[in-house]
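Read the structure below first, then the notes.
Every read-out reported here was derived from the displayed coordinates using simple, explicitly stated rules and does not represent laboratory data. Not measured: the values here are computed from a predicted model. Cβ sites come from the backbone with ideal geometry, for glycine too, and all protein chains shown count toward neighbours.
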Amino acid sequence: MNTDIHQLTETLTRARQEVAKIIIGQSEVVDQALIVILTGHHALVEGVPGIAKTLLVRTLARVLGCEFARIQFTPDLMPADITGTNVFNLQRNEFVLVKGPVFTSFLLADEINRAPAKTQSALLQAMQERTVTIDRQTHPLPPNFTVFATQNPIEYEGTYPLPEAQKDRFMLKITMNYPAREEETSLAERMLGQESPEAMLARGAVQPVVTAEALVTLRQQLEHILVRPEMVGYAVDIVRTTRSSDSVLVGAGPRATQALVLASRAHAALNGRDFVTPDDIKAMTAPVLEHRLILRPEFEIEGLSVAEVIQRILQQVTVPR
Ligand SMILES: Nc1ncnc2c1ncn2[C@@H]1O[C@H](COP(=O)(O)OP(=O)(O)OP(=O)(O)O)[C@@H](O)[C@H]1O
Ligand SMILES: [Mg+2]
């Protein structure tokens with residue numbers, strides 16, 4: 001294995017270990033978040049309140065030496081509340097840019113569906129272009145800029161659901177499930193014994209394993225991971241099958257294919273390999289496709305879930321050797 005890739009996989013192993021000091025369990029979720037960061041993309045994060053969504057992103061920021069910010073979306077949030085504004089400074093007799101919270105590395109965008117379309121667009125545009133334009137001046141965002149967006153799944157009233165076309169901009173949908181019983185027990189015990197995970201973070205119990213600058217260089221090492229043409233073909237076949245499946249009304253577009261290939265390559269790195277296997281692609285299929293498929297209503301009424309459809313699709317597609 002090339003020494004640079006070795007350095008990447010070593011760093012990832014240490015990052016996982018540091019995160020595990022704060023986040024109990026959720027190892028698949030941690031890996032998916034790392035994949036999104038490594039590939040320079042963005043994620044939707046879904047999970048009930050109090051399942052450690054905020055804690056996860058905060059912890060990742062600490063471990064990867066990156067800045068963290070959070071925006072709570074509300075119905076009255078304006079685009080400028082995200083991007084920033086030029087404010088007139090009387091003393092200096094000139095306009096000064098006051099940068100908005102989007103100018104950070106890891107951004108937690110909480111309940112994006114609670115803000116109207118115009119405000120959502122400001123965020124989506126920043127995600128896509130990795131720059132922000134204020135009064136016709138364009139400002140670059142930090143190189144590790146990654147958005148983790150949550151949606152409010154329970155109270156649909158007074159929300160503005162993300163249009164399908166915009167969900168496609170998120171590389172993965174990261175689903176956080178309830179912890180296992182032992183994990184929940186150790187969570188409860190930790191609260192009785194030691195300090196809270198937030199206090200641990202604050203006092204520096206977790207150390208960065210890289211700097212933000214080094215992370216940028218490390219991420220480039222992904223290019224040296226081998227993706228054989230058969231593996232690309234496999235990813236393409238999986239995504240194309242979503243378009244012909246009889247239970248699917250709207251299948252996944254070409255962005256899904258790109259996401260699947262890139263996420264699988266990062267998944268290989270996380271597992272200490274410098275080549276992609278069919279298992280990497282299988283592991284990334286659900287989080288890549290989950291938010292991009294719309295089932296036909298009659299199948300939905302029957303109780304079929306997107307997750308089940310994705311498993312069926314995986315069974316249909318021939319696995320390369
Ligand atoms: N897997 C876990 N590992 C460590 N702590 C956890 C875990 N799950 C829950 N917690 C605890 O739950 C608390 C709440 O976490 P957090 O505020 O990050 O949740 P959230 O998902 O962002 O909730 P909300 O949707 O209300 O914003 C944390 O402070 C932590 O103590
Ligand atoms: Mg939260």
Quiz item: Where does the chain land at 222 nm, in deg cm²/dmol rounded to the nearest 500, when only DSSP H runs of n ≥ 4 count, each adding -39500 (n - 2.57), divided by all residues?
Solution: -14000 deg cm²/dmol
Quiz item: In vacuo Debye scattering of region 202-256, one point per C-alpha: log10 I(q)/I(0) at q = 0.30 Å⁻¹?
Solution: -1.11
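Please compute the net charge surrounding residue 275, taking Lys and Arg as +1 and Asp and Glu as -1 over other residues with Cβ under 10 Å from its Cβ.
That sum, taken over residues with Cβ under 10 Å, equals +1.
Taking N as the number of residues in region 1-98, what is its Cα Rg relative to 2.2 N^0.38 Å?
Against the empirical 2.2 N^0.38 Å value, I get 1.48 for region 1-98.
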Exercise. Kindly count the pairs of lysines across the chain whose alpha carbons are less than 18 Å apart, treating pairs on different chains or eight or more residues apart as eligible.
Key: 4
Quiz item: With the dipole of region 38-186 worked out from charges on the C-beta (+1 for Lys and Arg, -1 for Asp and Glu) around the Cα centre, which of 43, 151, 64 lies farthest toward the positive end?
Solution: 64
Practice problem: Using DSSP to define loop residues, name the GluC sites (Glu not before Pro) in region 253-312 whose beta-carbon has at most 13 other beta-carbon atoms within 10 Å. | Solution: 302
Exercise. Assuming 1.567 mPa s and 4 °C, estimate D for region 166-321 with Stokes-Einstein, Rh taken as the Kirkwood radius over Cα pairs, in µm²/s.
Key: 71
Exercise. Considering only 106, 88, 148, give the residue with the highest GNM mean-square fluctuation for the chain, with springs between Cα atoms whenever their separation is below 10 Å.
Key: 88
Quiz item: Roughly how many nanometres apart are two label points built 7 Å out from the Cα toward the Cβ at residue 305 and residue 78?
Solution: 4.2
Practice problem: May I ask you to work out the translational diffusion coefficient for the chain at 20 °C, viscosity 1.002 mPa s, via Stokes-Einstein with Rh from the Kirkwood sum over Cα pairs, reported in whole µm²/s? | Solution: 102
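If Rh is defined by the Kirkwood formula over all Cα pairs and Rg also comes from Cα, what ratio Rg/Rh do you get for region 30-84?
Values: Rg = 12.9 Å, Rh = 13.0 Å.
Checking Rg against Rh, the ratio lands at 0.99.
By how many nm would the segment from residue 228 to residue 192 grow when fully extended, if each residue of separation counts as 0.36 nm and the alpha-carbon distance is taken off?
Numbers: separation 36, 0.36 × 36 = 12.96 nm, distance 5.07 nm.
Between residue 228 and residue 192, full extension yields 7.9 nm more.
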Quiz item: How far is it, in nm, from the label point at residue 10 to the one at residue 312 when both lie 7 Å from their Cα along the line to the Cβ?
Solution: 4.8
Practice problem: For region 236-285 and region 91-111, compute the distance between their C-alpha centroids and round to whole Å. | Solution: 35
